[in-house]
1. In the stretch 120-149, which residue that is out of contact with any helix residue (DSSP H, G or I) (no Cβ under 7 Å at 6 or more places or on another chain) and either farther than 21 Å from residue 220 by Cα or part of a loop (DSSP other than H, G, I, E, B) (or both) is modelled with the highest pLDDT?
2. Quick one: is residue 106 at pLDDT below 90, under 29 Å from residue 211 (Cβ atoms) and in contact with a strand residue (DSSP E or B) (Cβ under 9 Å, 6 or more places away or on another chain)?
3. With the structure loaded, tell me whether residue 402 is surrounded by 12 or more Cβ atoms within 10 Å (Cβ to Cβ), assigned to a helix (DSSP H, G or I) and at pLDDT below 80 or whether it fails that test.
4. Name every residue in the stretch 52-83 that is under 23 Å from residue 103 (Cβ atoms) and surrounded by fewer than 17 Cβ atoms within 10 Å (Cβ to Cβ), in order of residue number.
5. Would you say residue 96 is at pLDDT 90 or above and not in a loop (DSSP other than H, G, I, E, B)?
6. Considering only residues that are over 17 Å from residue 201 (Cβ atoms) and part of a helix (DSSP H, G or I), which ones fall in the stretch 150-184?
7. Hey, among 251, 257, which residue is surrounded by fewer than 17 Cβ atoms within 10 Å (Cβ to Cβ), under 14 Å from the mean Cα position of the chain (by Cα), farther than 25 Å from residue 171 by Cα and not assigned by TED's automatic domain parsing to the domain that holds residue 373?
8. Wholly within the stretch 207-303, which helices (runs of 4 or more DSSP H) include no fewer than the required count, namely at least 2 residues that are touching a helix residue (DSSP H, G or I) at 6+ places or on another chain (Cβ under 9 Å) and closer than 28 Å to residue 416 by Cα?
């Protein structure tokens with residue numbers, strides 16, 4: 001007889017009211033099943049199944065979960081279970097609850113979180129659940145992007161979307177307060193930030209202004225604070241936000257929804273310049289996420305670069321993308337020629353060229369500083385591509401370029417390619433002309449000096 005069968009037999013022998021202390025109601029059972037549908041797909045998460053034939057408004061009967069509470073850390077260590085790994089599982093699952101599906105366990109105290117003997121995290125007690133509205137889920141992620149960018153004016157305006165402030169409240173006085181607090185906090189990298197430090201400090205800012213924080217935010221903060229507290233008791237240097245950042249990076253890289261595409265673009269562009277280091281960091285951090293798949297990164301990037309503009313809207317990002325694409329293609333082409341020109345292995349072949357070809361001026365990049373910038377751009381582009389190509393789930397071969405090939409069939413993509421090709425040709429032509437005209441001027445100067 002299994003443990004489950006024994007429990008069922010035991011319940012059948014006695015009045016169900018005796019077990020009221022372990023029961024909730026039918027709604028809790030429905031909550032548990034919804035939770036399992038949304039989050040039970042993770043291999044490291046366990047959600048007990050509901051025995052509906054033994055469940056009533058007064059009694060809930062579910063699978064027996066053999067495990068150890070997360071705050072019983074000595075017992076966990078004796079079993080060889082990794083507390084921090086279990087907490088990280090809780091964080092990743094909580095992020096999906098709070099920001100992806102919006103349906104979350106609102107009472108995640110240590111008694112409701114069990115470590116199973118095989119190292120999985122079991123969630124119990126689904127009597128207290130809550131939901132994050134869709135608009136708030138996107139607003140939270142956008143708020144994180146504005147925090148990373150130190151865009152305090154945008155952060156202050158986020159409080160309208162987060163429903164912290166009524167739109168009649170002027171946020172201008174809040175901007176300096178945010179800057180004063182976060183400029184100190186952000187001296188550390190995002191991965192090193194302590195969640196409690198931020199919530200305490202931000203709470204001080206909120207207290208000074210007419211904020212009205214919706215109830216589900218308190219539950220969100222409690223959820224993450226409980227997990228951070230469990231981790232800190234094992235590792236005082238543990239940072240919840242450091243563990244959460246890979247999830248944020250993965251969502252920004254792969255989520256095709258317009259709200260997150262805008263946040264992604266905002267993170268990568270600043271003052272009209274594309275920040276390749278930000279894309280590199282997103283790829284590095286996103287790859288740490290358990291459910292990261294490199295194949296999911298390319299379609300949103302292709303859409304960002306080649307996608308059609310929204311009807312009736314002026315796409316301010318399009319000229320910036322075109323400008324950066326021209327620079328990248330030029331760097332890849334001329335960078336390759338620079339490397340070839342520097343190759344001593346090609347010297348014997350160059351010696352065999354006709355004198356007329358030898359006398360043609362090479363296409364120079366420009367000043368040493370300009371060449372250095374171009375080669376650095378080429379190196380960074382190739383590095384990002386290498387990271388993407390080597391990432392988990394990224395396909396190689398013909399299938400890898402399928403999203404690009406498909407996208408190139410659209411009129412918008414063809415216009416983009418024409419613009420980029422034209423821009424690259426113009427830049428390279430200008431470089432050739434500069435070299436030719438420069439050589440002519442030098443020849444004329446030499447001839448004038450000889451006549452004197």
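1. It comes out as 120.
2. Numbers: at pLDDT below 90: yes; under 29 Å from residue 211 (Cβ atoms): yes; in contact with a strand residue (DSSP E or B) (Cβ under 9 Å, 6 or more places away or on another chain): yes.
Yes; evaluated as a whole, the condition is true for this residue.
3. Taking the combined requirement at face value, the residue satisfies it.
4. Within the stretch 52-83, 52, 57, 63, 65 qualify.
5. Details: at pLDDT 90 or above: yes; not in a loop (DSSP other than H, G, I, E, B): yes.
Answer is yes for this residue.
6. 153, 154, 157, 160, 161
7. Residue meeting the stated conditions: 257.
8. Working: elements: 215-232, 240-254, 258-268, 276-286.
By residue number, 240-254, 258-268, 276-286.
The values are calculated or read from the model by the stated rules, or taken from the named source; none is laboratory data. Here the structure is a predicted model, which is why all the values come from computation and not from measurement. Heads up, the Cβs are rebuilt from the backbone with ideal geometry, glycines too, and the neighbour counts pull from every protein chain shown.
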